Structures are given as C-alpha cells and as structure tokens.
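What follows is one structure encoded as structure tokens, with my remarks underneath.
Derivation of every value follows stated rules applied to the coordinates shown; laboratory data play no part. The structure displayed is predicted, hence computed values, not measured ones. Here Cβ is always computed from backbone atoms with ideal geometry, including for glycine, and neighbour counts include all displayed protein chains.
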Amino acid sequence: MVRESLWLGQSARYQIRVLGHVPADRLTDWPWPPQTHYQDDTTLLTLELPDQAALFGILRRIRDLGMPLMGVECLDTTTGKQS
C-alpha cells in the first residue's frame, strides 16, 4: 500500500489480479507484462506504468478481454520498493 501522495501523472508499479489467464493469442498484439498464474485460476500482472492514464488503458484492455478484475494495488511510486 502506498502511503505517500500519488498524483495522476506519476509513474508507479502496480499489481493487477484477474480471474483466468490472458489468452496466448492476445499476447502478440500488445506488450503484456510477465504473468504469474495461480491454482485458483487467477493471474497476477506486475508492471510499472508511466501514469494513471496507462493504468486505465490496461484495465480497459482487461475488460475488453472479458476477464473479471479481482484487484489493483499500487506497490510504490518511483522508489522501486514496496511501501
């Protein structure tokens, strides 16, 4: 959880959990981050984004794939460590 202020134009590292797995054929047309798959049929994406507009773009893409969003967590801003 980020304790310092976060503003819209600030880069940050996020973890996004979705239900299911991103289909392999969808990975070729867009630079998806590395994924961790879990036995409970969820996928965790960890990625650094330049701003919140990029985050909303990722979330829109997840929605367009029909993947239920389980959660989003901002790990840190530009420090490179979890707060």
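Just to verify a number: FRET efficiency for Asp25 and Leu59, C-beta to C-beta distance, R0 = 22 Å, to 0.05?
Taking R0 as 22 Å, the efficiency between Asp25 and Leu59 is 0.60.
Taking H as built 1.01 Å from N, whose amide H comes closer than 5 Å to the amide H of Thr42, not counting residues under 5 places away?
Gly20
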